[in-house]
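For reference, the structure discussed in these notes is given below.
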Amino acid sequence: MLANYLKLALAVLRRRKFFTFVSLFGISFTLAVLLVVTALLDSIVNGYPPETNLERTLGVRDMVMMSPDGKNTWQGPAGYGLLDKYVRTLPSAEKVSILSAEAYWVAAYKNGSKFDVGFKYTDGEFWQILDFQFLEGAAFTADDEKNANFVAVISKSLRERYFGEANAVGKTIEIDGQRFRVVGVVPDVPVYRFTPFADIWVPISTSKSTTYKNELMGGFQAIILAKNAGDFPAIKAEFREALKHAQFPDPKEYNQLYGGADTVLESIARMMFQAPEFDTHVERLVAIFFTLMLLFMLLPAINLVNLNVSRIMERASEIGVRKAFGASRVTLVGQFVTENLVLTLCGGLIGFILSIAVLHFLNTVQIIPYGKGDFHINGRIFFYGMCIITFFGLFSGVYPAWKMSRLNPVQALKGGV
Amino acid sequence: MIATTAHLFKLVWNRKRSNALIMLELFIAFLALYGVTALSLFFWSNYNKPLGFSYANVWQVEIDRKEQGDKPSAEQTERLRRLIRSAQTLSEVENVTASFTVPFSNSGKGGNYTINGKQLRMDINEVTDSFKDVMNLQLTNGRWFNPSDDGQNWIPVIINERLCAAGFGSESPLGKPLYKPEPGEKERRVVGVITDFRKNGELPRPSLFMAERINMNDTASFHVPHNLMLKLRSGTTAAFEETLVKTLQATVKDWSYRITPLQESHDSTLKNVMIPFVLLGLVVGFLLLMVALGLVGIVWQSVTRRTREIGVRRAFGATYGDVHFFVLGELLIITTFALIAGVVLLLQLPLVGFLDLVDASVYAASMVLAMSIMYGITALCGLYPSMLASRIQPSEALRYE
């Protein structure tokens with residue numbers, strides 16, 4: 001039965017090549033766009049090296065500090081003082097690392113040319129939570145941080161800029177007017193992986209000034225490693241509780257703090273919606289994403305429906321014969337929907353190939369001012385893609401099929417609709 | 001002709017079910033296209049307005065003081081003065097100014113103030129006296145800041161012509177307070193008018209702008225600016241950057257410096273807007289191409305199906321032109337219905353404040369442009385099938401079964 005449907009479907013597709021081409025064009029293009037977007041989001045939100053522990057990691061990123069009357073708010077990255085006092089001490093956390101909220105861009109000069117270097121302050125735990133593959137040397141330790149040793153881990157491309165092909169460990173690198181001894185070299189991290197990204201990582205205590213130590217707000221983030229994701233609610237609750245008892249240098253100016261220990265998606269949602277009390281709304285973010293995706297699919301889907309509807313006419317006599325010989329409406333709908341699914345699957349295949357090509361292109365050209373991407377299609381995205389295709393095939397096939405099954409056999413045989 | 005048009009309407013109406021889906025498709029395509037035409041015209045009209053300043057040979061030095069807040073401190077002021085002096089000693093540097101915000105950066109200060117009963121939103125900058133010469137601003141009325149403004153109990157401000165027109169109409173703003181100060185706040189008194197200072201670059205919409213004078217001798221209320229701007233002698237190369245950073249680091253070693261030629265930030269700002277815009281244009285272009293190809297298929301199919309009908313018309317004396325008119329006319333009527341629905345929806349945009357974002361002329365022109373493109377596309381789609389239809393011979397068509 002199904003084999004018959006498939007044979008029929010392919011025969012129909014071959015019959016009117018123009019229609020088949022237009023349908024495939026629409027489907028493959030739509031899927032390629034959706035897959036590229038999904039792959040881009042996936043590589044930001046999900047764990048890729050060095051963030052292999054992402055599914056059991058939370059982050060404390062932007063916070064909001066509020067005045068007693070709630071009129072003055074200060075939103076921005078948390079301060080080192082706050083993170084040191086209230087996040088490092090969370091009982092349910094296995095490990096906590098404090099690092100710069102984002103990489104500072106520092107200009108470096110070598111042999112008369114200038115290049116931008118992403119510069120980040122971190123501590124010893126950072127290297128334990130994140131899973132860096134060291135090309136040479138090793139990470140700096142908590143002791144290095146405590147003793148303010150001028151040591152640095154650098155990226156592969158920074159090593160190339162400074163030392164060419166030679167090894168870098170043990171050598172000195174001068175950046176932003178300070179000199180660091182290189183202790184380790186790691187592969188480049190793409191710039192959109194904003195927690196681990198940098199070209200040079202140095203201990204926080206090597207900062208030029210020490211005022212950061214007591215600040216509640218400004219310049220830092222924390223990442224929290226839990227034993228497993230099951231501990232997330234406990235950690236979130238403990239952090240909320242800790243914020244309620246936070247001490248303020250001048251309670252008349254500011255006396256409330258809001259924020260949370262978040263997954264990446266929760267952080268994005270928190271910053272996007274700017275809710276009062278700075279709550280996160282992941283469900284809203286997901287709803288917006290799916291609505292946009294559906295809206296984008298609407299036009300190609302209607303286009304396909306229109307093509308299908310106008311094709312029915314061409315097949316009126318076939319349908320008339322089948323009806324006259326007693327084919328039920330369900331059979332006809334089943335047949336037509338199968339045909340449409342075969343069509344969308346073919347289009348989907350082309351779409352996959354297209355999206356791999358686009359991602360490959362994005363990886364090779366420098367679209368972002370600094371560094372290259374490592375976007376790719378994996379099993380998870382393939383699965384999303386198959387879901388999208390199937391949904392699309394059903395969505396665009398059901399109405400024409402229903403309309404087809406309602407044809408009056410006598411009229412259909414005569415060729416009129 | 002009127003009779004024929006009426007007849008076409010009837011035909012469209014008779015096939016309303018399947019035509020409705022085509023209309024829906026064209027309606028959505030029109031809305032997507034409107035988004036692109038509106039953005040294009042918006043950028044184009046902004047691009048053609050003068051920037052009001054010149055960024056050639058101007059470098060920005062961003063100072064990271066590694067401290068929070070803008071608390072005034074005599075020591076910080078002193079350090080900033082030392083930096084400015086040491087930059088001025090370099091032979092490549094023509095002029096130095098300090099400013100809060102710089103051109104082509106996302107961050108900036110803004111404020112809502114009531115001026116002559118009107119609530120106005122403006123961009124605000126705080127600058128030193130040499131800012132006008134470094135940025136090559138064009139003064140059209142009054143005077144620029146000068147050292148005689150020290151020690152006044154009011155703060156001198158410069159406004160752009162747009163703010164002058166919006167707040168003061170045809171009256172002269174000179175010597176007047178820009179807005180009524182809150183108790184305890186110093187009066188902002190307008191001393192001059194400049195053509196413009198579009199800090200966000202060519203593509204965003206020009207905004208209202210006000211610059212306050214930084215009084216570096218008044219350490220009590222003084223915020224230390226984050227940026228120095230250096231006007232360099234023409235011909236200075238990028239190699240000078242390293243010398244400059246070393247000089248600044250030798251002067252105040254606790255601070256960090258990041259140098260960007262404004263030409264670079266200009267180019268990257270332009271790129272940051274243009275890349276997403278081009279991507280959007282490409283996606284919408286592909287969607288329209290898909291819709292167009294689909295339409296060709298549909299019209300083709302309907303022409304094939306109606307071979308007999310067209311044959312009869314031809315037998316009764318319809319000319320080639322009549323058949324063209326007949327096939328194309330039907331398509332254009334469907335398009336017209338879709339566009340009417342689209343325009344009705346777009347006419348609601350001003351109600352949700354769309355005209356605060358774009359000029360009325362851009363709003364209207366982009367609607368007309370999008371409509372013309374839609375008509376163009378559908379006419380083009382109908383052309384080949386209608387040519388096929390007009391070639392149908394009556395004898396052949398009537399034999400068709």
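None of the figures in this text is laboratory data; all of them are computed from the coordinates on show. Bear in mind that the values here come from a model prediction, so they are computed numbers and not experimental data. Neighbour counts are summed over all protein chains in view; Cβ atoms, including those assigned to glycine, are modelled from backbone coordinates with ideal geometry.
Between A:T172 and B:M387, the modelled label-to-label distance comes to 7.7 nm, taking each label 7 Å out from Cα in the direction of the beta carbon. Put a dot 7 Å past the Cα of A:Q247, heading toward its Cβ, do the same for B:N106, and the two dots end up 3.6 nm apart.
Here the stretch B:67-254 carries DSSP beta bridges of which approximately 60% are antiparallel, counting only pairs with both residues inside. Computed over the Cα atoms of the stretch A:160-277, the ratio of the radius of gyration to the Kirkwood radius (Rg/Rh) comes to 1.05. Less than 21 Å apart at the alpha-carbon level, and either on another chain or at least 8 residues along: which lysines does that give for B:K16? Those lysines meeting the cut-off are A:K403. With 32 Å as the limit, the listed pairs A:K114/A:K171; A:K244/B:K253; A:K85/A:K208; A:K171/B:K271; A:K213/B:K199; A:K244/B:K180 have A:K244/B:K253; A:K171/B:K271; A:K213/B:K199; A:K244/B:K180 beyond it between alpha carbons. As a test, work out the antiparallel percent of DSSP beta bridges whose residues both lie in chain B, rounded to the nearest 5. Counting DSSP beta bridges with both partners in chain B, the antiparallel share is about 70 percent. The angle between the Cα long axis of helix A:264-273 and the main principal axis of chain A comes to about 90°, on a 0 to 90 degree scale. Dipole of the protein assembly as shown computed with +1 at Lys/Arg Cβ and -1 at Asp/Glu Cβ about the Cα centre; of A:A222, A:T263, B:H223, farthest Cα towards the positive end is A:T263.
For chain A, modelled as a GNM whose springs connect Cα atoms under 10 angstrom apart, the maximal fluctuation among A:G397, A:G164, A:G219 occurs at A:G164.
Computed from point charges on the beta carbon alone (+1 for Lys and Arg, -1 for Asp and Glu), the dipole magnitude for the protein assembly as shown about its Cα centre is near 3600 Debye. Annotation: amide H-H contacts under 5 Å for B:F53 (H modelled 1.01 Å from N, sequence separation of 5 or more, or interchain): B:R198. Counted as membrane-span-like here are DSSP H helices of chain B whose alpha-carbon atoms extend 27 Å or more along the helix's own axis and whose Kyte-Doolittle mean is 1.6 or above; these are B:320-346.
Of the residues B:L90, B:S54, A:L294, the one whose Cα sits farthest towards the positive end of the charge dipole of the protein assembly as shown is A:L294 (charges of +1 on Lys and Arg Cβ, -1 on Asp and Glu Cβ, taken about the Cα centre).
The alpha carbon centroids of the stretch B:1-58 and the stretch A:152-181 are separated by 55 Å. A Förster distance of 60 Å, applied to the separation of the beta-carbon atoms of A:L6 and A:E136, puts the FRET efficiency at 0.60. Note on the protein assembly as shown: dipole from Cβ charges, positive end direction compared against A:S23, B:I298, A:T195; the farthest Cα belongs to B:I298.
Can you compute the charge dipole magnitude of chain B about its Cα centre, using +1 on each Lys and Arg Cβ and -1 on each Asp and Glu Cβ, nothing else charged? Give it in debye, rounded to the nearest 20.
Approximately 1300 debye in magnitude.
Please check which bits of the stretch B:159-188 a label hung off B:N141 would reach, taking the label as a point 7 Å along Cα-to-C-beta and the cut-off as backbone N under 11 Å. Correct set: B:159-176. Extension gain for B:A364 to B:T195 (0.36 nm times residue separation, less C-alpha to C-alpha distance): 58.1 nm.
Structure remark: mean-square fluctuation, Gaussian network model of chain A, C-alpha springs under 10 Å; the largest value among A:G70, A:G79, A:G351 belongs to A:G70.
Here A:L295 and B:A20 are evaluated by their C-beta separation; at R0 = 30 Å the FRET efficiency comes out at 0.95.
Round to the nearest 0.05 the FRET efficiency obtained for A:N408 and A:F383 when R0 = 35 Å and r is the Cβ-Cβ distance. That gives a FRET efficiency of 0.25. Taking every DSSP beta bridge that has both ends in the stretch A:54-279, the antiparallel portion is near 80%.
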